[in-house]
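I have placed the structure first, in the form of structure tokens, so that the comments after it can refer back to it.
The values are calculated or read from the model by the stated rules, or taken from the named source; none is laboratory data. All values reported here derive from a predicted model rather than from experimental measurement. Just the protein is used for accessible areas: all its heavy atoms, side chains included, with ligands, DNA and RNA removed. Shrake-Rupley method; radii C 1.70, N 1.55, O 1.52, S 1.80 Å.
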Amino acid sequence: MIEGRQFREAAIEQLQADVPGFPQERYGAELDHALARIDEEQVGVLVRRQKMIAAARELDVVNAVFAVYHFNSRYSRHVCEYGLGPIPLADVFGDLYTPEQIAEAAARADALISEGIRMGYGPWDWDADMDHLRQTHPGFSDRALGDALDWGRFFGR
């Protein structure tokens, strides 16, 4: 409710119900303080996203698209992203690559991520797993392969 900023009164009522006993004006002040912190954090998130995009634009097409696709798939819906949502691949790479190149790289990124996740449920042998991914997903950097495998291990825990 706070992040949406549409329901100030409802947010204050919820605060009062969850944490009763404070003066009425305190709830509004705390809500304002929380909104200010959200604004601050959102600026930091935007800066981190822009740095990631700038770094991705320096890579070849499969690794560039993987970096943003992986971010979108794994992180863009987290609450710490403050509702910014996924980064459109066409907006980031449309001036560098054709829509077909972007779509093909995204499909390859999806396949790599899916295999990394599947591998995370099995026995873990980082070196053997990385070797397997290098063979089955040529063209991806060790960073991309490691990110896919790391995500799979997160799920497999």
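For residue 43, what accessible area in Å² do you get when you roll a 1.4 Å probe over the heavy atoms of the protein chains, rounding to the nearest 10?
Residue 43 exposes around 90 Å² with every protein chain in place.
Rounded, prolate or oblate for the stretch 99-140? Axes are the square roots of the Cα gyration tensor eigenvalues, ordered a ≥ b ≥ c, and the cut-off for rounded is a/c under 1.5.
Oblate shape, in that a/c is at least 1.5 and b/c is the bigger or equal ratio.
For the chain, what does the helix formula give at 222 nm: sum of -39500 (n - 2.57) over DSSP H segments with n ≥ 4, over the residue count, nearest 500 deg cm²/dmol?
-23500 deg cm²/dmol
In nm, what is the difference between 0.36 nm times the number of residues separating residue 40 and residue 155 and their Cα-Cα distance?
Length difference between fully extended and current span is 38.3 nm.
Using θ = phi - 60° and the Karplus relation 6.51 cos²θ - 1.76 cosθ + 1.60, list the HN-Hα couplings for the stretch 116-132 in order, rounded to whole Hz, with x at every Gly or Pro.
Per-residue couplings from phi come out as x, 5, 4, 5, x, 8, x, x, 9, 9, 3, 5, 5, 5, 5, 4, 4 Hz.
Determine the per residue accessible area of the chain with all protein chains present and a 1.4 angstrom probe, expressed in square angstrom.
That works out to 60 Å² per residue.
Specify whether the C-alpha gyration tensor of the stretch 32-145 places it in the rounded, prolate or oblate class, a ≥ b ≥ c being the square roots of the eigenvalues: rounded for a/c under 1.5, otherwise prolate if a/b is larger than b/c and oblate if not.
oblate
Can you tell me the 0 to 90 degree angle between the C-alpha axis of helix 8-18 and the longest principal axis of the chain, rounded to 10?
80 degrees
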